[in-house]
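To start, the structure under review is shown below, and the notes come after it.
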Ligand SMILES: [Zn+2]
């Protein structure tokens, strides 16, 4: 059996149980750590999470869902993007709606729309662009939405 050292408490944990251990024992520490702000993220934690995402997707989604409960817009946006990247579209949309109900700003709509396109949800993306165009009427934004719609339509 292989063992690895937990980066948080130093305990030797069976390799295939390390993530489960970290998520169950150290959720608060992980949350408080630099993971919270991408730009300040420690490389170690970042790699750890990428690994978690790849190898234990269901634990990763659970982790992201819990993290999304933080009352912090930046974190919620990050979680929304991660959920969509994991193809958890309903959960991602729920978080998106929660975000814009608190602070209805263009950037959040854009982040959401871009992720939908990345994951091939073109119809949903077009629908969301059209909704956004009814809310924000400045020319630059309207033009940007039109370009996104055009590209999405070409891929339908
Ligand atoms: Zn530990």
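Only the coordinates and a few stated rules stand behind these numbers; no lab work does. Note that the coordinates shown come from a computational prediction; the quantities given were computed from them, not determined experimentally. Note that each Cβ is placed from the backbone with ideal geometry, even for glycine, and that neighbours are counted across all protein chains shown.
Arranged from fewest to most other beta-carbon atoms within 10 Å of their beta carbon, 62, 106 become 62, 106. For the modelled label position 7 Å from the Cα of residue 114 along Cα-to-Cβ, which residues of the range 78-103 have backbone nitrogen atoms closer than 14 Å? Output list for this probe position: 78-82, 85. Evaluated at q = 0.11, 0.15, 0.18 Å⁻¹, a Debye calculation over the C-alpha positions of the range 68-156 (equal weights, vacuum) places log10 I(q)/I(0) at -0.28, -0.52, -0.74. Within the range 87-138, all pairs of alpha-carbon atoms sorted by distance into 5 Å bins from zero give the percentages 4, 20, 33, 28, 12, 2, 0. Length available on full extension from residue 153 to residue 27: 0.36 nm per residue minus the Cα-Cα distance, which gives 41.2 nm.
Normalised by the number of residues in the range 61-135, the mean separation of alpha-carbon contacts (under 8 Å, six or more apart) gives a relative contact order of 23 percent.
Between residue 70 and residue 6, the simple label model (points 7 Å from Cα in the Cβ direction) yields a spacing of 2.0 nm. Compute the long axis of helix 57-67 from its Cα atoms, compare it with the longest principal axis of the Cα atoms of the chain, and write down the angle in degrees, 0 to 90, nearest 10. Value to nearest ten degrees: 80. Shape class for the range 53-112, computed from the alpha carbon gyration tensor (a ≥ b ≥ c): prolate, with a/c not under 1.5 and a/b above b/c. Over the residues of the chain, the helix contribution to mean residue ellipticity at 222 nm works out to -21500 deg cm²/dmol, using -39500 (n - 2.57) for each DSSP H run of at least 4. Against the compact-protein benchmark of 2.2 N^0.38 Å, the Cα-based radius of gyration of the chain scales to 1.21.
Nearest 10 degrees is fine. How inclined is helix 122-135 to the longest principal axis of the chain, computing both from alpha carbons? So the inclination is approximately 60 degrees.
Among 82, 107, 73, the largest mean-square fluctuation in a Gaussian network model of the chain, built with springs joining Cα atoms closer than 10 Å, belongs to 107.
Relative to the longest principal axis of the Cα atoms of the chain, the long axis of helix 73-85 makes an angle of roughly 90 degrees.
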